[in-house]
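K.L.:
Sharing a structure with you now.
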Amino acid sequence: DRVALSPGDTLITPERLENLDLVILGDMEGDYLSDGEYEAWKNWVYEGHALLVLGGYHSFGADGFRNTPLAGVLPVVFADDGVEQSGEPFVLDLTQRGRQHPIFEVTGDGVKDLTLWSTAPQLLGSSLVARAKAGAEVLAVNPNIKLDGQPAVVIATGRYGSGRAMVVTADTTWRWTRLT
């Protein structure tokens with residue numbers, strides 16, 4: 001449903017979230033919403049809902065979610081070294097857990113699906129996060145970039161209370177539209 005807002009209106013409220021199961025956030029600045037709106041989202045996820053945050057120059061950058069209450073919900077630790085984005089093309093590398101995860105199932109044939117993902121069009125870069133949080137599952141990495149000796153996290157998921165949060169740090173996933 002469309003919501004008509006006036007300047008100063010609150011976009012995210014518990015009432016607006018109550019009938020949703022999943023929210024997907026694209027690339028946006030952290031100051032787009034108020035701390036109260038982020039707290040409503042944080043509580044909503046904690047109560048058993050799902051949040052997906054997509055990468056881009058803003059979401060995981062200095063002006064992104066790192067200084068919002070939402071940072072505690074996400075399954076990754078933001079980078080502190082000032083390097084927030086890589087423009088280096090890469091092919092996503094599924095981790096062992098990623099190879100078993102249903103979001104990467106395309107054909108129903110595990111061997112064929114793994115081949116599809118390993119030959120998928122290159123992504124043209126991604127936001128860089130320091131690492132996954134303890135308890136998070138890393139599903140895919142950028143094998144070309146190492147952070148603390150580990151491949152850079154591209155897709156990670158984790159629990160927050162009764163809910164789940166996932167991040168996809170790559171910002172050109174549209175290139176997969178013709179994967180099969």
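The values are calculated or read from the model by the stated rules, or taken from the named source; none is laboratory data. Fair warning: this is a prediction, and the values are worked out from it, not measured in the lab. Cβ placement follows ideal geometry from the backbone for every residue including glycine, while neighbour counts extend to all protein chains displayed. Ligands, DNA and RNA are excluded from the accessible area calculation, which covers all protein heavy atoms including side chains. Shrake-Rupley method; radii C 1.70, N 1.55, O 1.52, S 1.80 Å.
K.L.:
Please report, as a whole percent, how much of the solvent-accessible surface of the chain comes from carbon and sulfur atoms (probe radius 1.4 Å).
P.N.:
Ligands and nucleic acids excluded, carbon and sulfur reach 49 percent.
K.L.:
For the residue pair Glu105 and Leu52, what label-to-label distance in nm results when each label sits 7 Å from Cα along the Cα-to-beta-carbon direction?
P.N.:
1.6
K.L.:
To the nearest 10 degrees, how steep is helix 35-46 against the longest Cα principal axis of the chain, on a 0 to 90 scale?
P.N.:
Here the helix axis deviates by roughly 60 degrees.
K.L.:
Based on Cβ point charges of +1 for Lys and Arg and -1 for Asp and Glu, what charge dipole magnitude is obtained for the chain about its Cα centre, in debye rounded to the nearest 20?
P.N.:
Numbers: 14 positive and 24 negative charges, 144 e Å.
Dipole about the Cα centre, nearest 20: 700 debye.
K.L.:
Would you mind getting the accessible area per residue of the chain, heavy atoms of the protein chains only, 1.4 Å probe, in Å²?
P.N.:
Each residue of the chain exposes 54 Å² on average to a 1.4 Å probe.
K.L.:
In the range 56-180, with Lys and Arg counted as +1 and Asp and Glu as -1 at Cβ, which of these residues, Gly163, Tyr57, Ala136, has the Cα nearest the positive end of the dipole, that is, farthest along it?
P.N.:
Final value for the positive-end residue is Gly163.
K.L.:
So if we plug the beta-carbon distance of Lys146 and Lys112 into 1/(1 + (r/R0)^6) with R0 = 45 Å, what FRET efficiency do we get, rounded to 0.05?
P.N.:
The pair Lys146/Lys112 has a calculated efficiency of 0.95.
K.L.:
Continuing with the same structure: What is the extension gain from Glu29 to Thr172, computed as 0.36 nm multiplied by their sequence separation minus the C-alpha to C-alpha distance, in nm to one decimal? Provide the component values of the computation, followed by the final result.
P.N.:
Details: separation 143, 0.36 × 143 = 51.48 nm, distance 1.79 nm.
Going from the current span to full extension adds 49.7 nm.
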